[in-house]
Amino acid sequence: VRDPEKMRTKSKTTRLRKKLERELDQLIARYVKKRDQNRCRRCNTYYPDGSSGLHAAHILSRVRKRTRWLGENIITLCFTCHLRWWHVHPIEAAAWIRKLLGDEWIDNLIVYSKETNKWTLADLQQERNKLEEIVSNPTL
């Protein structure tokens with residue numbers, strides 16, 4: 001028989017984890033857009049702050065938790081380049097990103113992404129605080 005108190009606690013923890021993950025997704029997106037000067041890295045189209053036309057695209061999938069909130073794993077792509085090219089032509093996209101960033105960069109990113117990483121709530125909160133500080137810096 002399961003302890004109802006433990007189930008409630010786990011549920012609260014799960015909700016907090018999901019909330020922190022959403023906040024981190026939003027913060028890392030703001031960071032990479034600012035870093036890339038609100039331009040698509042493929043077509044160089046500019047998008048003003050707050051525009052929904054510019055996406056934070058993961059080089060390696062978001063399911064790889066080790067690199068999900070790592071700026072080096074994310075580039076800015078416009079809607080068209082992201083959804084109608086990056087996801088539709090993955091072989092071409094892989095060749096392009098290797099040419100853009102270099103084989104060593106991508107190979108190191110892949111190795112790093114495979115390292116074991118279990119994010120605790122404290123880790124997530126610390127990462128959120130770090131990203132909030134970076135994003136709020138006007139000189140980024």
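The values are calculated or read from the model by the stated rules, or taken from the named source; none is laboratory data. If you're wondering where the values come from, they're calculated on a predicted model, not measured in any experiment. A quick note on method: Cβ atoms are made from the backbone with ideal geometry, for glycine too, and the neighbour counts reach across all protein chains shown. Protein only, heavy atoms only, side chains kept; ligands, DNA and RNA dropped before computing areas. Shrake-Rupley method; radii C 1.70, N 1.55, O 1.52, S 1.80 Å.
Taken as a whole, the structure places residue 96 among residues that are over 26 Å from residue 135 (Cα atoms) and touching a residue at least 12 places away in the same chain (Cβ under 8 Å). For a quick check of your reading of the model, give me the residue pairs whose first member lies in the stretch 120-140 and is free of Cβ contacts under 8 Å to residues at least 24 places away in the same chain, whose second is open to solvent by less than 60 Å² (accessible area, probe 1.4 Å) and not in a loop (DSSP other than H, G, I, E, B), with beta-carbon atoms closer than 6 Å and at least 6 apart or on different chains. Final answer for the pair search is none. Quickly run through the stretch 73-84 and pick out the residues that are closer than 18 Å to residue 51 by Cβ and open to solvent by less than 10 Å² (accessible area, probe 1.4 Å). The answer is 74, 75, 76, 77, 78, 81. Evaluating residue 61 against the criteria (1) of a type outside the set (A, V, I, L, M, F, W, C); (2) crowded, with 17+ Cβ neighbours inside 10 Å; (3) free of Cβ contacts under 8 Å to residues at least 40 places away in the same chain leaves one unmet condition, (2).
Residues in the stretch 30-54 that are in contact with a Cys (Cβ under 7 Å, 6 or more places away or on another chain) and outside any loop (DSSP other than H, G, I, E, B): 54 alone.
Within the stretch 30-58, being surrounded by fewer than 16 Cβ atoms within 10 Å (Cβ to Cβ) and on the phi > 0 side of the Ramachandran plot holds for 37, 44, 50. The set of residues from the stretch 85-140 being open to solvent by 60 Å² or more (accessible area, probe 1.4 Å), among the charged types (D, E, K, R) and closer than 17 Å to residue 69 by Cα comprises 114, 115, 118, 130, 132, 133.
Scanning the stretch 91-110 for residues that are aromatic (Phe, Trp, Tyr) and more than 12 Å from residue 60 (Cβ to Cβ) yields one hit, 96. For the criterion of being under 21 Å from residue 136 (Cβ atoms) and in contact with a Leu (Cβ under 9 Å, 6 or more places away or on another chain), residue 110 fails.
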